[in-house]
Amino acid sequence: MKVRVQTADFDVGEEVRRLTLGQHDIGAVVTFTGTVRGEAKGRPIVSMTLEHYPGMTEAELERIVADAEARWPLSATLVVHRYGELKPGDNIVLVVAASRHRHAAFEAAAFLMDFLKSRATFWKKETTADGEGHWVDAREADEAALARWAPRPAASD
Amino acid sequence: MTVQIVYFAWVRERIGKPGETVELAPEVATVADLVRWLRAQGPEYEAAFARPELVRAAIDRSHVKPDTPIAGAREIAFFPPVTGG
């Protein structure tokens, strides 16, 4: 399974080991791990709760993985995203892209994260020490980041 | 037409429920029409859709724009811009 949405934590080393087991065409593995920051707008947070849209989240992540696989020669791809209540320092998301060479793996990992951030149906709510919850606002920079992945002209290579 | 509507994050909180089944008249043809119809259903809906540009929509688990027709939809979702990752 290339996409998992779960409450449980993940172990980056174990995920990479299982993903690449027995595959000898891989020369580069890039991983990205997103974690919970302990402060928001200068105020300490005690927890972050992630809500998601079961069914759509998985479908959207699978579409993003398929797009990446159509674009780069990837030997293995994995996206794991957690939901539920998390604490500062906890893992939120893992993206792994493996390929023969490093450029495809680096680019595919960045592509997967950029599209995940602006398309995958997750919402973060931060709780501060006073017990108040605040929904995190989407950043315009995340939507703007997609521009770098505009389809290249077909004649370029 | 009968359609299932689901809400997430602060849209869900403002409306006060995770979803509902609604019966729509044929003149409710697009996502934007549905937002206008929902806004008229009570103050909690008015609060959720007060700034419609801040609410995103999906039909049958794919993102859609406000001008998308809703004919044939089984499940329509409304939610804030996503903030995962």
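The values are calculated or read from the model by the stated rules, or taken from the named source; none is laboratory data. This is a predicted model, so every value here is computed, not measured. Note that we place each Cβ from the backbone using ideal geometry, even for glycine, and neighbour counts take in every protein chain shown.
Points to keep in mind about this one:
- Residues (of a type in the set (S, T, Y) and without any contact (Cβ under 8 Å) to a residue 40 or more places away in the chain) located in the range B:1-57: B:T2, B:T21, B:Y45
- Under the condition of being surrounded by 16 or more Cβ atoms within 10 Å (Cβ to Cβ) and either within 14 Å of another protein chain (Cβ to nearest Cβ) or at pLDDT below 95 (or both), the residues counted in the range B:16-32 number 1.
- If the condition is being modelled with pLDDT under 95, of a type outside the set (S, T, Y) and within 25 Å of B:Y7 (Cα to Cα), then the range A:122-132 contributes A:G131, A:E132.
- Considering residues of the range B:33-74 that are surrounded by 17 or more Cβ atoms within 10 Å (Cβ to Cβ) and charged (D, E, K, R) only, the residue farthest from the other protein chains (Cβ to nearest Cβ): B:D33
- The residues of the range B:1-39 that are among the aliphatic types (A, V, I, L, M), farther than 25 Å from A:W135 by Cβ and not in a strand (DSSP E or B), listed by number, are B:M1, B:L24, B:A25, B:V28, B:A29.
- Residues (touching a residue at least 24 places away in the same chain (Cβ under 8 Å) and surrounded by fewer than 19 Cβ atoms within 10 Å (Cβ to Cβ)) located in the range A:40-50: A:A40, A:R43, A:P44, A:V46, A:S47, A:T49
- If the condition is being touching a strand residue (DSSP E or B) at 6+ places or on another chain (Cβ under 7 Å) and within 9 Å of another protein chain (Cβ to nearest Cβ), then the range A:125-151 contributes A:K125, A:W135, A:V136.
- Test set (1) exposed (fewer than 15 other Cβ atoms within 10 Å of the Cβ); (2) farther than 29 Å from B:A57 by Cα - A:A76 fails condition number: (1)
- Conditions (1) farther than 17 Å from A:Q6 by Cα; (2) touching a helix residue (DSSP H, G or I) at 6+ places or on another chain (Cβ under 7 Å); (3) surrounded by 21 or more Cβ atoms within 10 Å (Cβ to Cβ); number of the one not met by A:A104: (2)
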